[in-house]
Amino acid sequence: MAATNHVVDDLLRELAPQVIGVLTRRFGDFATAEDAVQEALLAAATQWPAEGLPDNPRGWLIQVAYRRMIELVRAETARRDREERAARREPGDRRTAPAADEPPADRDDTLTLLFLCCHPSLTTPSAIALTLRAVGGLSTAEIARAFLVPEATMAQRISRAKQRIRDSGLPFQLPEPADRQARLAAVLHVLYLVFTEGHTASLGAGLRRVDLAEEAIRLARQMRRLLPDDSEVAGLLALMLLTDARADARTGPAGELIPLAEQDRSRWDRAAVAEGTALVTAAMARGPVGPYQLQAAVAALHDEAPSAAATDWPQILALYGVLERLTGSPVVALNRAVATAMVHGPAAGLDALAAPAADPRLAGSHRLDAARAHLHEMAGDRDAALRHYRAAAARTTSRPEQEYLLMRAARLAATPPPVGPPPG
C-alpha cells in the first residue's frame, strides 16, 4: 500500500539523525555520513510514496546510506591515492575504504549527534545551522530564511561547518562533562529554535510543524535525563511543554490561527501544564535563574490563568523586565511592550515599542508591525491599526499568520469609525 507524502516526510525527519549517527559511529566521518544519508533520504522520498513503506524503514535507510557511504569513502580514498601517486610518481595500488558486511547495531545516537554539531571550533550561528539541518531536519532553504541570508550562503556555511568537524578528528561520542558544559548553551539554543519552528512554522500553509516540536521535546527530555541538575535544561523543557500544551487550541476547523486570548482553554493539555509548571518551579527554586526559566515562568502564568482577563499581567511584565535585562533581546523588548500595554494602557505600550523599533535586528520583521497594530487597535486608532496589520501581513511568510492579520484588518475596516469626541 502506498504511503502518503506527509507520512513519509514525518518518518524521514524522525529517522534521519538516527541514521546519520549510525554511519558516523561506524566510519568516524560525520560530513560524508550526512551526504550519504541525504542521498538515501532522497531515494526514500521518491520510492516510498509509490511503493509503500518497507517493513523496517530505519534498516532500509541504513542499508542504502551505508552502501552510498562505502562508495563515497572509496571515491575519496581513490582521489587521495591519485594525488599521492602524482606527487611521488608511483604506480597505483588497490587500497579501498574499510567495509563491513553488516551495519552497526540498532541505537539512537541523536543526542551525541546534537553535541557533535555544536563543536567548539564552530561559531554559534554555524553550529545552530548545522544542527537544524542534521538533527532538526530543516532544509537549507528553511535555515537560510531563519538566518535571513541567501540559500547559497547558508549552504556554504553548513559545508564549512561539516568540514571543520571532519578536520577536528573529534570522536563520535558524548563529550566529557567539562566539554559538555561548554557546548550546552549552543545545544539548548538549537533545541529552542527547532521547537520554535515547530510551534510556528516560518513558511507554508500550516501554522505548526508537529514533527519538529515533538522531536525538540524528545531531545529536551534526553538532555534532562543527561543533566538532571541543570536548571536551564529543566527550564527549556518546561517552556516547551507549557507552550505546546496550548497547541490544539491554536487553530480552528479550517486551520486558522486563534490568538491566545480567544482560545478555548478547556482544550489545553493540563497534564503538560502541570508537568511544565512543576519543572520550572523546582528549577527556579534551585537556581541559578536563566532565560529559559523566565520564559517558562511567563508561559506558566498564561497557562494557569482561568481566563484571558484573569491573566497576571503585572507579574508577566516584571518577568519580561528581568528577561530583557538578562538577554538584551529585541523580541523580549517587544513582548515587554505588549505586557506594558496590558498593565498601564496602550499609550504606555506604544512608548515602550520605541526601543525595539530602533533595533536593526527587527528590521523587516512582521512582529513589530503586528505589535503596533494590536496596540493601536487597543488605543482606538483604527487607521494606524489597519496600516500596521496590513504591513505585518505583507511581511510574514506564514500563511496562517498572514490570513489572521488580514482578517483582523478586514474586521477593523468593516467597523464604523466612532462619531464625535471619545467618551470621558
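Nothing in this text is a laboratory measurement; each read-out follows from the coordinates by a stated rule. Everything quoted here is computed from the prediction, not taken from an experiment. Cβ coordinates were reconstructed from backbone atoms using ideal geometry, including for glycine residues, and neighbour counts include every protein chain displayed.
For the chain, modelled as a GNM whose springs connect Cα atoms under 10 angstrom apart, the maximal fluctuation among Ala75, Ala127, Ala44 occurs at Ala75.
Counting helices only, and only those DSSP H runs with n ≥ 4, report the 222 nm mean residue ellipticity of the chain as the sum of -39,500 (n - 2.57) divided by its residues, in deg cm²/dmol to the nearest 500.
-22500 deg cm²/dmol
Note: relative contact order over the chain, using C-alpha pairs below 8 Å and six or more positions apart, is 10 percent. Net length available on complete extension from Val322 to Gln163 is 53.3 nm, with 0.36 nm assigned per residue and the Cα-Cα distance removed.
Over all projection directions, the Cα-based convex hull of region 197-348 averages an area of 9.5 nm². For region 364-416, the spherically averaged projection of the C-alpha convex hull amounts to 3.1 nm².
Return the whole-Å distance between the Cα centroid of region 300-315 and the Cα centroid of region 325-360. After rounding, the separation between the Cα centres reads 19 Å. Which net charge results for the neighbourhood of Ser159, defined as the other residues with beta-carbon distances under 12 angstrom from its beta-carbon, given Lys and Arg at +1 and Asp and Glu at -1? For residues surrounding Ser159, the net value is +4. Rg then Dmax, both in Å and based on the Cα atoms of region 182-250: 12.2, 40. Hull volume per residue, based on the alpha-carbon atoms of the chain and their convex hull, is 173 Å³.
A simple count of charges around Leu412, restricted to other residues whose Cβ falls under 13 Å of its Cβ and scoring Lys, Arg +1 and Asp, Glu -1, yields +2. You can think of it this way: the chain between Glu71 and Asp179 has 35.5 nm of extra reach, that is 0.36 nm per residue less the Cα-Cα gap. Estimated at 0.36 nm per residue, the fully extended path between Val210 and Ala358 surpasses their Cα-Cα distance by 49.9 nm.
Projected label points at Gln38 and Gln315, each 7 Å from Cα along the beta carbon direction, are separated by 4.8 nanometres. Counting only the backbone N, which residues of region 1-34 are under 16 Å from the spot 7 Å out from the Cα of Arg218 toward its beta-carbon? The answer is 7-22, whose backbone nitrogens lie closer than 16 Å to the label point.
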